[in-house]
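The values are calculated or read from the model by the stated rules, or taken from the named source; none is laboratory data. Fair warning: this is a prediction, and the values are worked out from it, not measured in the lab. With ideal geometry, Cβ positions are generated from the backbone for all residues, glycine too; neighbour counts draw on all protein chains shown. Side chains included, ligands, DNA and RNA excluded: accessible areas come from the protein's heavy atoms. Shrake-Rupley method; radii C 1.70, N 1.55, O 1.52, S 1.80 Å.
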Amino acid sequence: MPDRRSVRLTCTLNGRRLSLDAHPMARLLDVLRQQAGLTGTKEGCGEGECGACSVLLNGRLANSCLTPFAHADRATIVTIEGIASGDDLHAVQEAFLECGGAQCGICTPGIVLAAVDLLERTPHPTEHDVRAALAGNLCRCTGYMRIFDSVLEACRRLSASRA
Amino acid sequence: MQPFSYEKVTNEHEAIERARLGNATFVAGGTTLVDLMKLNVEVPAALVDINALPLNQIEDQSDGSIRIGALVRNGDLAQDSRIQSRYRVLSQAILAGASAQLRNMATTGGNLMQRTRCYYFRDPVYPCNKRQPGAGCAAMDGYNRIHAVLGVSDKCIATHPSDMAVALVALDASVHIRGANGERAVPITEFHLLPGDTPHRETVVRPGELITYVTLPSGPFGAHSAYVKLRDRASYEFALASAAVALQVEGTTVRSARVALGGVATKPWRALQAEQVLTGSTANTAAFRNAADAALTGAVSRRYNAYKIELAKRAIVRALTDALMD
């Protein structure tokens, strides 16, 4: 039974329209994981510091741990589960595999989304652009260098595929 | 978290009427409020969601000023081509703060209303005059490395955390506030309050009032301006000291100047004494250093934050040097 204070909202999640029920101030993070069953979005700090919970909300990168469910009303949301096309991984995902950009994996979904967002806005980023775009995503394993390499490799792959 | 009600409003009148009912708090981006509610620092009985209000535009006005809606997201404001070309310091200051994720969520009005990062304020275990008037202040004799040296009182030494507001001080911005009795415009320098004996009162916004716009005058200060932020790591961290400066220069002579400081004061700080030193002087490093010394006259440090006085001076000199080359 939904909480009596819950509301039903409709959104487009990874390209699929659906209705979800939750308290309007429930964290979007929890609704995605528990109601929509999309556990790719991770909780790190829960305070908007680490970026593990990043999703694309109406085309903008946002921390789902600080996003009230009410803000998902009629929104378009893309989580890590919506980045690949079926079995075909996104170029960013391929590059992370190739370059060893993921270790324990908790930060990876958020970082992949931040990288996808960057490359959609800035197809030819400088290394400074990459560092700035990933500043809101903390990783405790890699030391970041392989992550930066992965993003630059993804950039090369995307450029090649466009050529 | 304490129980609270939640409702959405669709126009300014409704927002103000709803907020007048007491212990209601507006929520927009939620980046400060939701965080502080989880920590039991903010315990509103009612949340009034204002995201549907039509206050999300950046508009040129007929007098040459720019009007920024209170719901314009920080990221959009920083990336706006008019802001980048005419008010560079504002774009720089916003991009120096938080992360892409948070800038996409946080709003102009919310940035002005954000609360201090003082660890003792953010943890209800400790006494805090800002959180609970009269309780005392754990920062005075605590670990006060991040605390203020300007605008302090014996009740509170918490710094104001905003980068954006520091740039707004350097640009002579005004904040438009609407209440039941109409709208008023407040200069940004008067918007935030010194802690004095009432550190729980942080701004001139009264219960039931809503920030609607921030305006930037056309002014001479867009041309040469810069923001320098010094912090523990190179990105995604609050300022230990920051300076927003703007210069109007003729030849090598400073005609007028704006110097504002962040990270070292209890409110976004306008350093009038530094501006006076600069006005009429030759724009060079010696004059910049004199201005920096003047800005920190009257600074009061405690056990762990004396380093901020020199740090702030160096931020000012660097920002003025950057602004001159802009």
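At a glance:
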| item | result |
| --- | --- |
| q = 0.09, 0.14, 0.16 Å⁻¹: log10 I(q)/I(0) that the Debye formula gives for chain A, counting C-alpha atoms only | -0.29, -0.69, -0.87 |
| Environment charge of residue A:106, counting only residues whose C-beta is closer than 10 Å and scoring Lys/Arg +1, Asp/Glu -1 | +1 |
| Debye log10 I(q)/I(0) at q = 0.19, 0.26, 0.27 Å⁻¹ for the range A:7-82, Cα point scatterers | -0.66, -1.33, -1.44 |
| Summed side-chain charge close to residue B:231 - residues other than residue B:231 whose Cβ falls under 14 Å, Lys, Arg +1, Asp, Glu -1 | +4 |
| Test item: B:98-111 mean partner chain Cβ contacts at 10 Å | 6 |
| Sites residue B:286 and residue B:234 - FRET efficiency at Förster radius 41 Å, r taken between beta-carbons, to 0.05 | 0.90 |
| Full-extension gain in nm, residue A:81 to residue A:141, via 0.36 nm per residue minus C-alpha separation | 19.3 nm |
| Expected 222 nm ellipticity per residue - DSSP helices of 4 or more, -39500 (n - 2.57), all of chain A, to 500 | -9000 deg cm²/dmol |
| Proportion of all alpha-carbon pairs of the range A:26-67 beyond 13 Å (%) | 44 |
| Partner chain coverage, peptide B:234-240 - average Cβ within 10 angstrom | 2 |
| Where Cα atoms sit under 15 Å apart: lysine pairs in the protein assembly as shown separated by 8 or more or lying on different chains | 5 |
| Separation of alpha-carbon centers, the range B:1-61 and the range A:1-53, rounded to whole Å | 20 |
| Three principal axis lengths of the range A:91-162 [C-alpha, angstrom, descending] | 33, 23, 17 |
| Estimated inter-spin distance, residue A:39 and residue B:154, nm [label 7 Å along Cα→Cβ] | 5.8 |
| Label-point separation in nm, residue A:18 to residue B:325, each point 7 Å along Cα→Cβ | 5.3 |
| Over chain B, relative contact order from alpha-carbon pairs under 8 Å, at least 6 apart, % | 17 |
| Sequence-separation-based contact order of chain A, relative, with Cα cut under 8 Å and 6+ spacing, percent | 22 |
| Three-way shape label, chain B, alpha-carbon gyration tensor, a/c 1.5 | oblate |
| Cα gyration tensor, the range B:174-306 - rounded (a/c under 1.5), prolate or oblate | oblate |
| P(r) tail fraction, the protein assembly as shown - alpha-carbon pairs more than 34 Å apart, % | 38 |
| Overall dimensions of the range B:11-62 as given by Cα atoms, namely Rg and Dmax in Å | 13.4, 45 |
| Surface per residue (accessible, 1.4 Å probe) for the range A:7-50, Å² | 47 |
| For residue B:295, net neighbour charge (Lys/Arg +1, Asp/Glu -1) across residues whose Cβ lies under 14 Å away | +4 |
| Contact order normalised by residue count of the range A:7-82, Cα under 8 Å, 6+ apart, percent | 39 |
| Built amide H within the under 5 Å cut-off of residue B:42, gap 5+ | B:37 |
| FRET efficiency, residue B:2 to residue B:61 (Cβ-Cβ, R0 45 Å, nearest 0.05) | 0.60 |
| J(HN,Hα) series, the range B:143-157, from Karplus relation 6.51 cos²θ - 1.76 cosθ + 1.60, nearest Hz, glycine and proline x | 7, 9, 4, 8, 8, 7, 10, 10, x, 7, 10, 7, 9, 7, 10 |
| Qualifying trypsin sites (Lys or Arg not before Pro) for the range A:84-151 [loop in DSSP, other Cβ within 10 Å: at most 14] | A:140 |
| Residue mean of other protein chain beta carbons inside 10 Å, A:129-135 | 3 |
